[in-house]
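The values are calculated or read from the model by the stated rules, or taken from the named source; none is laboratory data. For clarity, every value in this text was computed on a predicted model and none was experimentally measured. Counting neighbours? That spans all protein chains shown, and the Cβs are built from the backbone with ideal geometry, glycine included.
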Amino acid sequence: SRVVKLAVIPGDGIGPEVVAEAEKVLDAVTAGSEVVFDKTRFSLGAARYLETGDTLTDADLAAIAGHDAILLGAVGGVPGDPRLKDANIERGLLLKLRFELDHYVNLRPSTLYPSVPGPLRDPGEVDFVVVREGTEGPYVGNGGAIRRGTPHEVANETSVNTAYGVERVVRYAFDLAERRGKKLTLVHKTNVLVNAGSLWHRLVLAVGAEHPEVAVDYMHVDAATIHLVTNPSRFDVIVTDNLFGDILTDLAGAITGGIGLAASGNINPDGAFPSMFEPVHGSAPDIAGTQQADPTAAILSVALLLDHLGLTTEATRVTRAVEADIASRSDAPRTTSAIGDAIAARLQA
Ligand code: NAD
Ligand code: IPM
Ligand code: MN
């Protein structure tokens, strides 16, 4: 049998609640099969920081890097909690994992399932993927502040874009477009961010020349938010930078029935480091502990994880089970674990 070493980071808030359901589904789809998931649990996040003062130690990082893949729930405490003021869990944990493990592709698929009530009146068929760059842009932390707290304060965040970093994510996006609808849209703000914008645009055109079957177009990010709402079915693969991709994928989640359904993968396509799969949403402190969280995004992240590991049959079975569950949803509320149970039960049937 094949053993997959899986690092599990449940995290904070609803993270542990949705990860419990994702694990249920993973256990159900692999029960009696050739593949065995050997799981190691890592206690990381705001709760760990408040207990020990650690965000992500070198030992944690090395241990996590020794796994084949990572499943993460969500990290981060209550926004504004004064005890977390110096912790910066987002940078010190989540972004550190993405950067250190070279997750240069942040893969965020968006599908509107037929029976899901979304906010759009007549959306048509919505099925696109945002390929968000994951290791560069304004997220790098290349900046600083001087004269803090004075009227002359200067606060800078430099967006870092390298030819190497942009080309590799653009290549991934074109390969994906080849396997999908053969359409790629670069989203940027080349009219204002002329240096980074020019680099992205030139590399998309250059790599695009190697993919004559893929139709390429370009859209400014502000206009892209309009088209995502008025005509989302026009998109197939969107490639964009780290910050634009963050914003567009919350919007994409909203138009496809809510953030509780949006899954993602932080991928190191080269396989040098383990890839990390997580829902797009955060720790939702407002509903944590109430069993109101929808675990579907975490469960669909398991499908992305299985697919990444080449376990395509298992991935498809999870996706089908989720689709069937979604199709059967009514207005009657279900707990987080009831949704997980129902999806797991479809895999045992
Ligand atoms: P959030 O995504 O946690 O919550 C936004 C809204 O969506 C809330 O009203 C919440 O109740 C709702 N929501 C989120 N997930 C849901 C689910 N599965 N089912 C039903 N409703 C759901 O965003 P936020 O409030 O801005 O952030 C809370 C904390 O999470 C912050 O500390 C933030 O930094 C962190 N965060 C972490 C990640 C991550 O770990 N990947 C991502 C985003 C935010
Ligand atoms: C996400 C989150 C993170 C991001 C934050 C918590 C650092 O919003 O995964 O989308 O901005 O990438
Ligand atoms: Mn986000």
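Which is more than 16 Å from ligand 3 (Cβ to nearest atom), under 26 Å from D246 (Cβ atoms) and charged (D, E, K, R), of D270, D331?
Of the residues listed, the single one that is more than 16 Å from ligand 3 (Cβ to nearest atom), under 26 Å from D246 (Cβ atoms) and charged (D, E, K, R) is D270.
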Legend entry - Selection within the range 96-138 - surrounded by 21 or more Cβ atoms within 10 Å (Cβ to Cβ), outside any strand (DSSP E or B), among the hydrophobic types (A, V, I, L, M, F, W, C) and within 16 Å of ligand 2 (Cβ to nearest atom): L97, L101
Inset, instruction - Can you tell me which residue within the range 251-283, out of those that are away from ligand 2 (no atom under 12 Å from the Cβ) and among the small types (G, A, S), is surrounded by the most Cβ atoms within 10 Å (Cβ to Cβ)? - result: G257
Inset, instruction - Check off (1) more than 21 Å from the chain's Cα centre (by Cα); (2) part of a helix (DSSP H, G or I) for G340 and give me the number that stays unchecked. - result: (1)
Inset, instruction - Considering (1) in contact with a strand residue (DSSP E or B) (Cβ under 8 Å, 6 or more places away or on another chain); (2) outside the structural domain of L304 (by TED's automatic domain parsing); (3) more than 16 Å from ligand 3 (Cβ to nearest atom); (4) among the aliphatic types (A, V, I, L, M), say which one L203 fails and leave the rest. - result: (1)
Legend entry - Residue match in the range 149-172 (condition: within 19 Å of I247 (Cα to Cα) and at pLDDT below 95): no
Inset, instruction - Identify the residue in the range 222-267 that is part of a strand (DSSP E or B) and polar (S, T, N, Q) and, among all such residues, is nearest to ligand 3 (Cβ to nearest atom). - result: S264
Inset, instruction - Scan the range 100-119 and give yes if some residue there is out of contact with any helix residue (DSSP H, G or I) (no Cβ under 8 Å at 6 or more places or on another chain), touching a residue at least 60 places away in the same chain (Cβ under 8 Å) and within 16 Å of ligand 3 (Cβ to nearest atom), otherwise no. - result: no
